[in-house]
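First the structure, in the form of structure tokens, and then the observations on it.
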Amino acid sequence: IGDPCGRPELIGNGGRRGGSCRDDLPGDNRGPPLVVLPAGGPFVSAVAISKFEITIRDYNIYCELSGACNTRPGNIKLPLTGISIEEAEKFVSWLSKASGSKYRIPSSAEWEYAATANGQQPKKNFNCQVSQNNVLIKGISLQSVDTGEGNGWGLYNYVGNAQEWVRSDNSWKVRGGAYTNSMKQCDVSLGSSHSGRPDKITGFRIVRELG
């Protein structure tokens, strides 16, 4: 039928109703929702990126179909955390084979281009820490990946919630901060180096080539 993400009307319109696309997976399953970014920055042509952080649901589909891991209990709409970068890359490799599309973890420049969305930013209301009278009222725990508002290209929770792995030269970084960062810190520019070992606040999203 052709590439479900290859329709020109999807480019830059991931924030609109019907503006996302998904790959089919075996057993009537579907891949993560994707939005299509216009060419620019590090991308010489249009490319797709996951609308949300990879979820426990996404990972459970992989575990069930591949037999490579145990499924996770709990809220399947939470971002997937607590795995190593090696495990994340195994998921990405499996998703590429299962869907017939080429997926990968974005570079830092690619992530920033997608998150910035040519300046189309929502009100600063991320899942980051806000205190009132020394009581934490926001940024208490991970939230479902579809909470809050998306940017102009339809990405959600690229700042706060779970910090996200990106490639940076021959090492790994995390971008966007996590719910454990203060709202004052939480910004697209936030980033730091990362060991790639599992922790409770680090997840990722994925880039998918078109065509």
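The values are calculated or read from the model by the stated rules, or taken from the named source; none is laboratory data. Being a predicted model, the structure only gives us computed values, none of them experimental. In this analysis, Cβ positions are derived from the backbone assuming ideal geometry, glycine residues included, and neighbour counts consider all displayed protein chains. Surface accessibility is based on the protein's heavy atoms, side chains included, excluding ligands, DNA and RNA. Shrake-Rupley method; radii C 1.70, N 1.55, O 1.52, S 1.80 Å.
Counting other Cβ atoms within 10 Å, which GluC sites (Glu not before Pro) in the range 107-211 have at most 16 and lie in a DSSP loop?
E149, E209
Counting other Cβ atoms within 10 Å, keep those with at most 16, restrict to DSSP loop, and tell me which trypsin sites (Lys or Arg not before Pro) in the range 87-180 are left.
Answer in residue order: K102, K123, K124.
On alpha-carbon atoms, Rg over Rh for the range 126-193 using Kirkwood Rh?
Using only Cα positions, Rg/Rh for the range 126-193 is 1.01.
When a/c is below 1.5 the answer is rounded, else prolate if a/b is larger than b/c, else oblate, so apply that to the range 27-138 with a ≥ b ≥ c taken from the square roots of the Cα gyration tensor eigenvalues.
oblate
Eigenvalues of the Cα gyration tensor times 5, then square-rooted: what semi-axes does that give for the range 26-80, in whole angstrom, largest first?
Each semi-axis is √(5λ); the values are 27, 13, 9 Å.
With a point put 7 Å past each Cα toward its Cβ, work out how far S45 is from T147 in nm, to one decimal.
Using points 7 Å along Cα→Cβ, the separation is 3.9 nm.
Report the trypsin sites (Lys or Arg not before Pro) located in the range 14-72 that are in a DSSP loop and have at most 11 other Cβ atoms inside 10 Å of their Cβ, or state none.
R17
Accessible area per residue of the chain at 1.4 Å probe, in Å²?
Ligands and nucleic acids excluded, the figure is 48 Å² per residue.
Report, to the nearest whole %, how much of the accessible area of the range 88-149 belongs to carbon and sulfur atoms, 1.4 Å probe, protein only.
Reported share for carbon and sulfur atoms: 46 percent.
What is the sum of charges around S66, taking Lys and Arg as +1, Asp and Glu as -1, for the other residues whose C-beta is under 10 Å from the C-beta of S66?
Numbers: positive: K90, K97; negative: E64.
The answer is +1.
Could you name the lysines in cross-link range of K124, using Cα to Cα under 26 Å and dropping any fewer than eight places away on the same chain?
Counting by Cα, and skipping residues close in sequence, K124 has these lysines nearby: K51, K77, K138, K173, K184, K200.
Regarding the chain, what are the three Cα extents along the principal axes, ordered largest first, in Å?
Result for the chain: principal-axis Cα extents of 57, 38, 35 Å.
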